[in-house]
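First comes the structure, then the notes that go with it.
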Amino acid sequence: MADGTFYLTTPIYYVNAEPHIGHAYTTIMADMVARHRRQRGDDVFFLTGTDEHGDKIARSAAEAGRSPRQHADALSERFRELGATLGASNDFFIRTTDAPHERAVAEVLARLHDSGDVYRDAYGGWYCTACEAFYREEELGQGRSCPVHGTPAEWLEEENWFFRLSAYRDRLIALYDAEPQFVRPEGRANEARRMIEDGLEDLSISRVNVDWGVPVPWDTDQTVYVWFDALLNYYSALRYARDGEDLVARFWPPDLQLMAKDILKFHAVIWPAMLMAAGLPLPRGLFVHGYVLKGGERMSKTTGNVVDPFPFIERFGIDALRYYLVREISFGEDGTFTAEGFEARYTNELANELGNLLNRTVSMIDRYRAAAVPAPPADSALAAELVDRTEAVVGAFDRVELTRAVEEAWVLVRRLNRLVEERAPWSLARDPARALELDSALGELAEGVRAAALLLWPVMPGSCERILRALGQPDDDVALHRARWGAGAAGARVDRSGPLFPRVEVPA
Ligand code: MSP
């Protein structure tokens, strides 16, 4: 981070079913961070992808009447398409079935075996295939059901290879002591710390009866436990994402890893222990967000309680979905997705507040100044306001308070709407003696809207580029330093094109 590089990851998604809004959520939030960092001039590497091995995937493939490979190919492609539709600017899309990833998994596992952190033992435990995880009896719900999915856990008894997770207890506690920001928000760090303090059992990291996986290099009757395989994607990707280039030296360790709280233990406990064992530097920070709920329940493929993002995107555009999700669900907490809430924010905030602001600014410049954007007045109070807004947005992004970041930018949108009413350019235009005042008012508005577009660009890149074009500004330089007063291109001419957020007919 200090060296100007920024490595950012999402979880890699299981290819057992179609993607839903829950997956879109993490990818969109990560994309906002990636874009904001690029605006600040950082050298960013943003990774996402799919988690394709293990019993969960093999079973869903069998249900679909396909081989695991065909199934993984088809669904991985759906996740890739989702990313493209969301406007995700990821630098690579990893699949755990990529041969170089599989080689890296085998190599790291062999390293742990050589160093004595991996041993063989017999084990019996309650397993949830949807989680791909063992649970202790006391963690299970009614009828020995999985605490996450509510589906029955299965008793598994095998000879497996184990990772000496318990040996890392003290080092993990020392990590949480030394790095209070390792896991954010703080409540999640406390939760992870309790998991560590409550006692860590060694972790079974191979399976006997699961063929769909990476073979254990020294014992090919076993395959590597899917979570051990999956977590290593964050490392392996850097080794082969660019042909002939090893990005590990440039980007490792990750600056920020995003996920929901369902997979806290894997990332906040097991993952750092694996890295300690492998002798690799630890991530600088994890941010654990909440759940997108539907009807009060977590959206989840396993329970079928999902919303398909594609129809919303088709009707309202991707930027509306990005905006709604970041604004509606306070980042870090749970929040509910509703079609009514979505439409309300679209109309009230995007169409009426932002869309109208642009429309009024551009139409008045067109009408009163023959489309030529007047220079912004040097003495405007907005100049200082832009410094404040930019600092507030940067600060919020640094703390990964993404909802806060968009709210801070929106303060400027509201300020500009008030300014339109206060200056009332339409009445200035009726009095030729006030021509300079009119210039000043229009120049002020145009400059403010231009800056707002730059502050909001990580949230709604396409719409903000349209705003810049409508104001006669280049849309290919969105560096954040351009959000300062007077940085706009001189001699610009407004371009009246259709509304930014058109009215959408909502079928009854
Ligand atoms: N494959 C594992 C992750 C391995 S990472 C090394 C996995 N996959 S998953 O498909 O189940 O995706 C879980 C992640 O998707 C969550 O941690 C979160 O990032 C995102 N979400 C899935 N459903 C979600 C909600 N309903 N709400 C918020 N995020 C959601 O776990």
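The number of residues in the stretch 350-365 being under 26 Å from V400 (Cα atoms) and buried (at least 20 other Cβ atoms within 10 Å of the Cβ) comes to 2. Here the condition is being within 23 Å of D379 (Cβ to Cβ) and open to solvent by 30 Å² or more (accessible area, probe 1.4 Å); of G491, G498, G462, G448, it holds for G491 alone.
The set of residues from the stretch 395-426 being in a helix (DSSP H, G or I) and within 17 Å of the chain's Cα centre (by Cα) comprises A396, F397, D398, L402, T403, R404, A405, V406. Every condition in (1) open to solvent by 20 Å² or more (accessible area, probe 1.4 Å); (2) within 16 Å of the ligand (Cβ to nearest atom); (3) small (G, A, S) is met by G199 except one, and the failing one is (2). Look at T85 and say whether it is open to solvent by 40 Å² or more (accessible area, probe 1.4 Å), hydroxyl-bearing (S, T, Y) and more than 10 Å from the ligand (Cβ to nearest atom). For T85, the condition - open to solvent by 40 Å² or more (accessible area, probe 1.4 Å), hydroxyl-bearing (S, T, Y) and more than 10 Å from the ligand (Cβ to nearest atom) - is met. Being more than 17 Å from D366 (Cα to Cα), touching a helix residue (DSSP H, G or I) at 6+ places or on another chain (Cβ under 6 Å) and of a type in the set (V, I, T) narrows it down to one of V406, V400, V411, V449, so name that one. So the residue among V406, V400, V411, V449 that is more than 17 Å from D366 (Cα to Cα), touching a helix residue (DSSP H, G or I) at 6+ places or on another chain (Cβ under 6 Å) and of a type in the set (V, I, T) is V406. When E191 is tested against (1) of a type in the set (D, E); (2) free of Cβ contacts under 8 Å to residues at least 40 places away in the same chain; (3) part of a helix (DSSP H, G or I); (4) under 28 Å from K301 (Cα atoms), exactly one condition is not met: (2). Filtered by the rule that a residue be part of a helix (DSSP H, G or I) and within 15 Å of the ligand (Cβ to nearest atom), the stretch 313-330 gives L321, R322, Y324, L325, V326, E328. Which members of the stretch 125-148 meet the condition of being open to solvent by 30 Å² or more (accessible area, probe 1.4 Å) and not β-branched (V, I, T)? Hits for the stretch 125-148 are W126, F134, Y135, R136, E137, E138, E139, G141, Q142, G143, R144, P147.
The rows are residues; the columns are (1) open to solvent by less than 10 Å² (accessible area, probe 1.4 Å); (2) in contact with an Asp or Glu (Cβ under 9 Å, 6 or more places away or on another chain); (3) touching a residue at least 40 places away in the same chain (Cβ under 8 Å).
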{"site": "V387", "(1), (2), (3)": "no, no, yes"}
{"site": "F397", "(1), (2), (3)": "no, no, yes"}
{"site": "L412", "(1), (2), (3)": "yes, yes, yes"}
{"site": "N417", "(1), (2), (3)": "no, yes, yes"}
{"site": "E421", "(1), (2), (3)": "no, no, no"}
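Scanning the stretch 39-55 turns up one or more residues that are touching a residue at least 24 places away in the same chain (Cβ under 8 Å), within 16 Å of the ligand (Cβ to nearest atom) and surrounded by fewer than 23 Cβ atoms within 10 Å (Cβ to Cβ). Does A64 satisfy the condition of being at pLDDT 95 or above and open to solvent by less than 10 Å² (accessible area, probe 1.4 Å)? Spelling it out, it is not the case that A64 is at pLDDT 95 or above and open to solvent by less than 10 Å² (accessible area, probe 1.4 Å). Considering (1) touching a helix residue (DSSP H, G or I) at 6+ places or on another chain (Cβ under 8 Å); (2) more than 13 Å from the ligand (Cβ to nearest atom), the lone condition that E63 does not fulfil carries the number (1).
Return the residue satisfying two criteria in turn: it lies in the stretch 227-271 and is hydroxyl-bearing (S, T, Y) and more than 10 Å from the ligand (Cβ to nearest atom), and of such residues it is least open to solvent (accessible area, probe 1.4 Å). Among those residues, the one meeting the criterion is S236. When the residues of the stretch 273-299 are filtered to those that are of a type in the set (K, R) and within 9 Å of the ligand (Cβ to nearest atom), the one that is farthest from the chain's Cα centre (by Cα) is K294. Of the numbered criteria (1) over 16 Å from the mean Cα position of the chain (by Cα); (2) open to solvent by 20 Å² or more (accessible area, probe 1.4 Å); (3) under 30 Å from A178 (Cβ atoms), the one N305 fails is (3).
Per-residue answers, yes or no, for (1) open to solvent by 10 Å² or more (accessible area, probe 1.4 Å); (2) within 15 Å of the ligand (Cβ to nearest atom); (3) touching a Ser or Thr at 6+ places or on another chain (Cβ under 6 Å):
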{"site": "G4", "(1), (2), (3)": "yes, no, no"}
{"site": "A24", "(1), (2), (3)": "no, yes, no"}
{"site": "M29", "(1), (2), (3)": "no, yes, no"}
{"site": "V33", "(1), (2), (3)": "no, yes, no"}
{"site": "H36", "(1), (2), (3)": "no, no, no"}
{"site": "S76", "(1), (2), (3)": "no, yes, yes"}
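Checking the stretch 328-336 against the condition returns no match, with no residue being surrounded by fewer than 20 Cβ atoms within 10 Å (Cβ to Cβ), within 30 Å of S204 (Cα to Cα) and among the charged types (D, E, K, R).
The values are calculated or read from the model by the stated rules, or taken from the named source; none is laboratory data. Bear in mind the structure is a predicted one, so any value in this text is a computation, not a measurement. Quick reminder, even Gly has a Cβ in these numbers, built from the backbone with ideal geometry, and neighbours come from all protein chains shown. All accessible areas refer to the heavy atoms of the entire protein, side chains included, with ligands and DNA or RNA removed. Shrake-Rupley method; radii C 1.70, N 1.55, O 1.52, S 1.80 Å.
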